[in-house]
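Worksheet: the structure to be examined is printed underneath.
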Amino acid sequence: AYDFAHALLPCCCCYCCWQGANLVPMNILPTNVTKDMIHDMLDYALESNMNMVRIWGGGMYPVPEVFDYADEKGLLMWMETMFACAPFPRDVAFLENVAEEVTQQVHRLSWHPSIAAWSSNNEVEGSLNWFRESWTNRELFAGDYIALFIDTIRAIIKKVNPSMPFVDCSPSNGAIVDTPEQYVKRWGSDQDPRYDSVHYYPNGVDCEDFSTYPKAKFIGEFGTQSYPTFQTYASVTTPEDWQ
């Protein structure tokens, strides 16, 4: 299960006043998550001087209580549709299924004042470079990406809420053109600090050495390996082990 205290993964923005964390599923069994746990988690964010939480696209759509409490507390939400870390197909049946899912979720959530932006996925753009099939058939997989995340998901979000900011991926180089009529994606390295957002995990370097941090416009994820909380250790150890 996800460690409760580690459900917030840092993110920050250098060109505006967003600072916060990623919210991943708080328990591998969703029914174990209580209203008090949700309130505590979002309170931790607020007490840490965060003003935004990113709903990570590799998890699941949160329950209403998450957004109700964020509305009440004035905590902004970066909301993602649940697609992550792999290429997706664009056959008609799949796109119709996605369209139904996203339409329901956008209608369910977009009225919340806490939602500041929608993104259509987590690291799918970068995943096109992870697999031989996708990086040797770039045009095919890029076409799949556009059909799903731009032509389908973005179109639905903009139809329901035209003024809502949209990001096609985190991380991403963003768009060359982004108007109600047209969205032209800027392809390239999704870790280019000149554009949009990057993800950063300083494995193998001193995490306290800020000179290693990317000088990016927006860092959608960053973090280092850490130990579980004491509560996690306590559940599988005895007091003798704690000496």
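The values are calculated or read from the model by the stated rules, or taken from the named source; none is laboratory data. The model shown is predicted, which means the values in this text are computed figures rather than measured ones. Cβ coordinates were reconstructed from backbone atoms using ideal geometry, including for glycine residues, and neighbour counts include every protein chain displayed. For accessibility, only protein heavy atoms count, side chains too; no ligands or nucleic acids. Shrake-Rupley method; radii C 1.70, N 1.55, O 1.52, S 1.80 Å.
Calculate, for the range 172-213, the solvent-accessible area per residue in square angstrom, rolling a 1.4 angstrom probe over the heavy atoms of the protein chains. List each step's numbers first, then the result.
Values: 2680 Å² over 42 residues.
Value returned for the range 172-213: 64 Å² of accessible area per residue.
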Spelling it out for residue 18: with amide H atoms placed in the peptide plane at 1.01 Å from N, the residues 5 or more places away or on another chain with amide H under 5 Å from its amide H are 13
Report, in debye and to the nearest 20, how large the dipole of the chain comes out about its Cα centre when Lys and Arg carry +1 and Asp and Glu carry -1 on their Cβ. 700 debye
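Report the rotationally averaged projected area of the chain based on its alpha-carbon convex hull, in square nanometres.
Details: hull surface 61.8 nm².
About 15.5 nm², averaged over all directions.
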Quick one: which residues, 5+ away or cross-chain, put their amide H under 5 Å from the amide H of residue 115? H built at 1.01 Å from N. 77
Highest-fluctuation residue, 94, 218, 141 considered, GNM on the chain with Cα pairs under 10 Å: 94
What FRET efficiency do you get for residue 108 and residue 177 if R0 is 41 Å and r is their Cβ-Cβ distance, rounded to the nearest 0.05? 0.90
Which of 146, 130, 111 sits farthest toward the positive end of the charge dipole of the chain, with +1 on the Cβ of Lys and Arg and -1 on the Cβ of Asp and Glu? 146
Given the range 56-205, what percent of its DSSP beta bridges are antiparallel, to the nearest 5? 35 percent
For the range 130-148 and the range 195-243, what is the separation of their C-alpha centers, rounded to whole Å? 31 Å
Just to be sure I understand the model, the point goes 7 Å from the Cα along the line to the Cβ. What's the resulting residue 230 to residue 73 distance in nm? 2.3 nm
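Assuming R0 = 22 Å, what is the FRET efficiency of residue 65 and residue 29, from their Cβ-Cβ distance, to the nearest 0.05?
On the way: r = 17 Å, r/R0 = 0.75.
Rounded to the nearest 0.05, the efficiency is 0.85.
Does the range 75-218 classify as rounded, prolate or oblate by the C-alpha gyration tensor (a ≥ b ≥ c root eigenvalues; a/c under 1.5 gives rounded; else a/b over b/c gives prolate, otherwise oblate)? The partial results should precede the final answer.
Values: a/c = 1.88, a/b = 1.26, b/c = 1.49.
Oblate is the answer for the range 75-218, as a/c is 1.5 or above yet b/c matches or exceeds a/b.
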Separation between the residue 86 and residue 205 pseudo-spin-labels, each 7 Å from Cα along Cα→Cβ, expressed in nm? 3.1 nm
Could you work out how far helix 92-109 tilts from the main Cα principal axis of the chain, as a 0 to 90 degree angle to the nearest 10? 60 degrees
Between helix 35-47 and the chain, what is the angle of the helix's C-alpha long axis to the longest principal axis, kept within 0 to 90° and rounded to the nearest 10? 90 degrees
